[in-house]
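Every number here is computed from the coordinates shown, using simple stated rules; none is lab data. Since the structure is predicted, the reported quantities are computational estimates derived from the model, not experimental observations. Positions of Cβ are generated from backbone atoms using ideal geometry, with glycine treated the same way; all protein chains shown enter the neighbour counts.
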Amino acid sequence: GLVILASLGERFPKKLTKANLSAQAKTVRRLVSGKSNEQLLRMRDMVDPAKLASMRVLGLMFLNTLLVRPVLMPFVSYKMMKLTLVHGLSILSPTAFACYGLVCGTGLRDVEMAVRFGELALVLLDRFETREYLPRVYAAWYGTVYTLKYNVAKSLDCLLRAHRVGLLTGDIEFAALNANLFCFNAYGSGSIRLDVIERQWTGFRELAASLRQS
């Protein structure tokens with residue numbers, strides 16, 4: 001992903017230090033500063049093919065960096081946000097906003113900013129009618145950020161929906177992730193019997209294994 005992005009003119013700092021991360025965070029904050037939700041939603045469309053291609057690569061990288069190179073994950077999020085804020089909205093912008101909300105909520109402990117961009121991600125998801133990206137947005141929003149402010153039990157139906165949509169659209173990776181997040185949130189909510197959660201978890205695990213997901 002880094003090699004492809006470099007070929008598209010999007011490079012990352014050679015050293016992923018806290019100072020570089022702070023600088024990236026400040027740049028995004030500056031680009032967001034003073035903009036209302038309405039202004040963010042009225043930004044022009046992204047039309048540059050290289051920037052659109054970069055957004056697609058970054059969208060694919062986000063979860064993988066979280067799993068295997070977490071120090072890189074917030075840099076990926078900030079890059080997606082900068083491309084969106086400078087070059088305009090695209091079908092990947094809901095993912096960018098949701099991932100930025102995740103970084104704000106879990107990394108920066110800024111719950112209000114996390115909720116703001118998570119909710120904006122849902123608005124853009126409806127506007128672009130990009131069902132194939134719903135599992136990615138819902139995983140970041142309902143799987144994590146939503147639970148920082150709202151009742152975790154109310155996230156469960158949405159995570160199940162994201163699981164089903166992922167299966168229908170071929171996003172098996174995020175179908176499995178949303179199933180996992182459903183089980184975690186169900187356990188934490190106290191709203192479903194543990195033996196029921198265990199049966200559901202077993203079913204999800206067997207389905208994931210049949211689809212070659214570990």
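Odds and ends about this structure:
- In whole percents, the pair-distance distribution calculated for the range 115-167 from its alpha-carbon pairs, binned every 5 Å from zero, is 5, 22, 31, 26, 13, 3.
- Cross-link partners for Lys149 among the lysines, with Cα-Cα distance under 30 Å and sequence neighbours closer than 8 places in the same chain left out: Lys18, Lys26, Lys35, Lys79, Lys82.
- Summing charges over all other residues whose Cβ lies under 10 Å from the Cβ of Gly101, with Lys and Arg as +1 and Asp and Glu as -1, gives -1.
- Computed Rg/Rh of the range 1-93, alpha carbon atoms with Kirkwood Rh: 0.96
- Distance from the range 4-26 to the range 155-214 (C-alpha centre basis), Å: 34 Å
- The packing ranking of peptides 49-60, 86-97, 7-18, highest mean first, is 86-97, 49-60, 7-18, where packing means the average number of other beta carbon atoms within 10 angstrom of each residue.
- Dipole moment magnitude, nearest 20 debye, the range 1-113 about Cα centre, only Lys, Arg, Asp, Glu C-beta charged: 420 debye
- Each Cα pair under 8 Å and six or more residues apart adds its sequence gap; the mean of these over the residue count of the range 47-194 is a relative contact order of 17 percent.
- Neighbour net charge for Asp48 - beta-carbon separation under 13 angstrom, K R +1, D E -1: +1
- Cα extents of the range 77-214 along the three principal axes, largest first (Å): 48, 30, 24
- Working note: Karplus 6.51/-1.76/1.60 with θ = phi - 60° gives the range 91-102 the couplings 5, 8, 5, x, 5, 4, 5, 5, 5, 5, x, 4 Hz, where Gly and Pro are set to x.
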